[in-house]
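The values are calculated or read from the model by the stated rules, or taken from the named source; none is laboratory data. Model, not experiment: these values are computed from the prediction. Here the Cβ positions follow ideal geometry from the backbone for every residue, glycine too, while neighbour counts run over all protein chains shown.
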Amino acid sequence: MSAAADTPVLELSGIEKSFGAVSVLRGVDLCVRRGEVHALLGENGAGKSTLMRILLGAERADKGSMMLCGRPYAPDGPGDARVAGVVMVPQERTLCPDLTVLENVVLGLEPTAAGFVRRREARAIAERALGLVTEVGRRIPLDVRAKHLGVADQQLVEIARALAQGGAADEHGRKGMAARVLILDEPTSSLGHDDAARLFTRVHALKAAGLSIILVTHFLGDVRAHADRYTVLRDGKVRGEGDPKTTPAERIVTEMLGRELSDSRDVTHVGGYRGTEPIDEAGAEVLLEVDALGGRERPRKASFVLRRGEVLGIAGLVGSGRTELLRLIAGLDDKAHGTVKVHARKGVGLLSEDRGGEGLMLRRSIADNVTLSRRGPFVWKPKEILAEGGRWIQELAVKAAGPWQEVGELSGGNQQKVQIARLLREDYDVLLVDEPTRGIDVASKAQVLSLVRELARKGKGIVLVSSQLDELISTCDTIAILRRGELGPPIPAAEWTEEKLLLEVSS
Amino acid sequence: MMLSTSSGPRRPAWLGPLIAVVVVYAIFAALTPDTFLRTQNLLTMARQTVVVAICALGMTMVIITGGIDLSAGSLVALTTVVVAWMLQSGAPPAVAVAVALAVAAAVGAVIGTLVGKLRMMPFVVTLGAMTVLRGAAKGLAKEQKIDCETKGLETLLSADVSAPGLWITLALAILVALMLGYTRFGRHVFAVGSNEAAARLCGIDPARVKLLVYTLSSFLFGVAGVMELSTLTVGDPTDSIGLELDVIAAVVIGGAPLAGGDGSVVGAVLGALLMTVIKTGAVHNGMPSWTQEIVTGAIIVLAVAIDRARHGKGRR
């Protein structure tokens with residue numbers, strides 16, 4: 001029995017992959033056994049996604065080989081991988097919202113007779129697949145449209161679909177589960193505690209049925225509770241592996257971060273702030289009071305007070321509700337409960353994490369973007385708009401040909417500066433800053449973060465969300481942890497280390 | 001049992017338009033019972049709906065995929081010209097119709113390739129096609145109407161219940177509804193309009209689905225063109241200008257959101273019928289034509305408003 005359980009289902013050796021001059025994977029070995037939950041850990045940019053894309057055939061490795069059940073495995077695309085029994089449930093939801101559960105599960109593998117769907121057979125396939133992912137006695141209705149299901153049930157339907165798709169290799173799924181390897185990418189990031197627990201009981205059932213599961217996640221707690229083995233990737237290499245139940249969490253964190261000592265604040269830090277500008281707790285004017293604030297799904301409960309001159313950092317994983325919290329405070333989404341009291345006379349501005357999507361008009365000029373405002377003269381001469389744009393280009397040292405240049409032509413860092421310039425021009429008292437350094441180069445990062453500090457010194461109140469923990473520690477006065485939608489109390493940044501933060505957010 | 005192409009335990013999309021048709025019909029029947037309720041009037045209304053209804057079948061498919069086709073009116077005109085031109089040069093009616101339908105389908109295949117393979121915006125592609133096809137029709141007809149011996153084609157929409165055009169329309173509606181609701185291809189049409197990325201993930205080729213959808217819908221526009229010729233009895237290159245807007249209105253009244261992912265054949269046909277009932281009723285009551293235009297426009301907006309109120313809860 002133990003011999004069978006130890007058989008490797010999937011073996012990767014020496015996988016290398018580079019994009020242009022950037023090498024993302026530098027010789028990765030990975031072995032997944034039959035009937036195990038194998039956690040794949042690593043910080044953003046460690047190479048996890050690329051490795052999974054190679055497993056699914058969406059990307060080809062430059063070097064190295066893969067074996068599936070003892071046979072060479074080199075999928076040409078997701079279709080190939082599916083036939084071989086390797087399937088994935090991606091992090092973002094990918095159901096067709098208007099189709100029913102049944103239609104979603106059998107999508108692409110509908111059994112037909114002369115083009116017509118054989119409804120009874122389709123139903124049987126869907127029922128079997130859903131049966132694998134739901135407990136006895138609990139049923140997900142087959143004829144409800146996917147968009148009417150809750151997030152947790154949608155997730156289960158996605159897993160059912162992946163399993164059915166894996167089974168497609170054998171005569172359109174008629175042989176039931178033929179999926180061998182199931183990749184779950186951050187499956188619990190959008191789930192509450194109870195739903196996550198329920199999901200893992202299903203994962204254990206699938207494992208007992210002989211399926212191998214690769215769990216890509218940031219939640220160390222989940223890994224320690226549910227995974228049989230783990231592998232840590234950092235900078236494209238395997239930096240640690242073992243049994244997560246017996247390995248101390250601190251060690252796994254160290255493997256992920258790659259630093260032995262917790263003296264991380266000593267490393268060449270952007271921002272460079274070390275809490276040298278203490279805030280007068282009693283004296284400083286309160287700008288923003290948030291009390292028991294909650295949204296439709298996330299966040300559940302958040303309370304804090306923001307004072308003049310303070311930078312409050314919010315640390316949380318993807319899906320913890322960081323962006324949603326900022327959007328609620330800014331009034332972009334409707335809140336479900338709680339209160340937001342804005343004492344700041346000049347209002348609240350939001351720096352969006354989605355620069356191209358909602359932060360900027362990429363096809364308009366720098367000047368147009370900077371001067372986009374509710375206020376402004378009724379007639380505004382183009383010349384004056386350009387002059388205003390030019391002034392801000394100088395102010396923030398934006399590298400551009402001129403204020404007339406399209407924002408889309410600028411580098412990420414300079415785009416970010418344009419977005420910041422718009423907020424500064426409005427002169428808000430409170431700035432909600434969401435992932436300001438995403439996708440920008442190191443030099444610009446440092447500039448953006450020191451700008452944040454400088455604004456605080458000038459008397460603004462700032463809420464900073466970032467997934468770069470070192471940035472938070474080096475820029476903020478206080479840091480609060482957002483975990484599964486609940487915001488913890490703000491704690492002085494000086495009391496945090498990167499390791500402690502990572503342990504807290506991922507537990 | 002039902003011809004609904006949308007599934008799920010909710011009110012079928014065509015219930016609204018059905019109620020609207022019944023209510024509007026009842027109002028006019030009450031106002032002018034002696035003329036409006038005659039069988040002859042019913043038949044006239046049915047015949048007047050045929051062209052828009054057949055086009056709406058194709059447009060429903062297109063809109064479900066999240067697309068739009070603005071070239072429907074031009075293609076109808078081109079079809080009348082092609083059929084008349086063939087008849088004039090001595091071809092038997094069956095051949096003339098077959099050639100015209102082949103031309104229509106070919107046009108659809110080109111549009112479908114541009115939209116699917118080359119991922120161009122359906123609005124822009126079909127806006128261009130609208131003008132190109134109109135020009136082609138005028139060129140082929142040398143800028144005038146083509147008179148021809150219709151050789152029996154005029155009986156397609158003759159003034160009695162046995163008019164083949166009515167039954168062809170009904171049969172096509174049933175076929176398209178069955179296709180959308182019960183075949184694998186139909187499922188894929190909804191999937192592509194609902195979430196294209198997800199469809200691709202499941203091994204569906206959206207480009208192929210769109211190619212087929214635009215080919216089929218243009219083919220149906222061609223069928224509508226043959227019906228149009230049967231009432232015109234000439235090939236007219238300036239016919240059916242703006243028809244596509246009536247067709248889109250019918251589909252939208254029928255409950256299909258322009259964003260795609262949903263739509264109903266029954267609803268679209270009822271939408272087309274509703275517009276005819278308003279037009280005819282207004283004429284019977286001696287109301288000026290501007291009043292029916294206002295009413296029709298208001299109903300389009302109202303249909304979408306009701307749909308919005310049902311689905312859009314709390315989202316900003």
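General observations
- Scan of the stretch A:136-146 for residues that are more than 9 Å from chain B (Cβ to nearest Cβ) and at pLDDT 85 or above, ordered by number: A:Ile140, A:Leu142
- Filter result (among the hydrophobic types (A, V, I, L, M, F, W, C) and farther than 24 Å from A:Arg119 by Cα) within the stretch B:181-230: B:Ala197, B:Ala207, B:Leu211, B:Leu216, B:Phe219, B:Leu220, B:Phe221, B:Val223, B:Ala224, B:Val226, B:Met227, B:Leu229
- Residues located in the stretch A:398-412, provided they are farther than 18 Å from A:Ser450 by Cα and in a helix (DSSP H, G or I): A:Val407, A:Gly408, A:Glu409
- Among the conditions (1) more than 14 Å from chain A (Cβ to nearest Cβ); (2) surrounded by fewer than 22 Cβ atoms within 10 Å (Cβ to Cβ); (3) touching a helix residue (DSSP H, G or I) at 6+ places or on another chain (Cβ under 9 Å), the only one that B:Leu274 does not satisfy is (2).
- Restricting A:Val286, A:Val340 to those that are surrounded by fewer than 16 Cβ atoms within 10 Å (Cβ to Cβ) and touching a strand residue (DSSP E or B) at 6+ places or on another chain (Cβ under 6 Å) reduces the list to A:Val286.
- Leading residue by the ranking (farthest from B:Val51 (Cα to Cα)) among those in the stretch B:76-126 that are in contact (Cβ under 8 Å) with a residue 12 or more places away in the chain and of a type in the set (Ser, Thr, Tyr): B:Thr113
- Of the helices (runs of 4 or more DSSP H) that lie entirely inside the stretch B:180-255, those containing 1 or more residues that are more than 12 Å from chain A (Cβ to nearest Cβ) and at pLDDT below 95 span B:206-232, B:243-253.
- Residue match in the stretch B:277-285 (condition: without any contact (Cβ under 8 Å) to a residue 40 or more places away in the chain, surrounded by fewer than 24 Cβ atoms within 10 Å (Cβ to Cβ) and of a type outside the set (A, V, I, L, M)): no
- The number of residues in the stretch A:347-397 that are of a type in the set (Asp, Glu), exposed (fewer than 15 other Cβ atoms within 10 Å of the Cβ) and under 22 Å from A:Val448 (Cα atoms) comes to 3.
- Condition check for A:Leu328: farther than 27 Å from A:Arg457 by Cβ, buried (at least 18 other Cβ atoms within 10 Å of the Cβ) and within 14 Å of another protein chain (Cβ to nearest Cβ): yes
- From A:Leu40, A:Leu56, A:Leu107, residue being closer than 30 Å to A:Arg145 by Cβ and assigned by TED's automatic domain parsing to the domain that holds A:Val9: A:Leu56
- Conditions (1) surrounded by fewer than 24 Cβ atoms within 10 Å (Cβ to Cβ); (2) among the acidic types (Asp, Glu); (3) under 30 Å from B:Phe190 (Cβ atoms); number of the one not met by B:Asp69: (1)
- Qualifying residue in the stretch B:217-224 (condition: farther than 16 Å from B:Val103 by Cβ, of a type outside the set (Lys, Arg) and surrounded by fewer than 24 Cβ atoms within 10 Å (Cβ to Cβ)): no
- Qualifying residue in the stretch A:76-87 (condition: more than 13 Å from chain B (Cβ to nearest Cβ), at positive phi and in contact with a helix residue (DSSP H, G or I) (Cβ under 9 Å, 6 or more places away or on another chain)): yes
- Qualifying residue in the stretch B:147-160 (condition: farther than 25 Å from B:Ile68 by Cβ, away from every other protein chain (no Cβ under 12 Å), touching a strand residue (DSSP E or B) at 6+ places or on another chain (Cβ under 8 Å) and outside any helix (DSSP H, G or I)): yes
- Scanning the stretch A:230-249 for residues that are aliphatic (A, V, I, L, M) and more than 16 Å from A:Ser49 (Cα to Cα) gives a single hit, A:Ala249.
- Matching residues, the stretch A:364-395, being in contact with an Asp or Glu (Cβ under 9 Å, 6 or more places away or on another chain), at pLDDT 85 or above and over 27 Å from A:Val465 (Cβ atoms): A:Ser365, A:Ala367, A:Ile385, A:Gly389
- Selection status of A:Arg438, of a type outside the set (Ser, Thr, Tyr), within 22 Å of A:Glu499 (Cα to Cα) and either touching a residue at least 60 places away in the same chain (Cβ under 8 Å) or buried (at least 18 other Cβ atoms within 10 Å of the Cβ) (or both): yes
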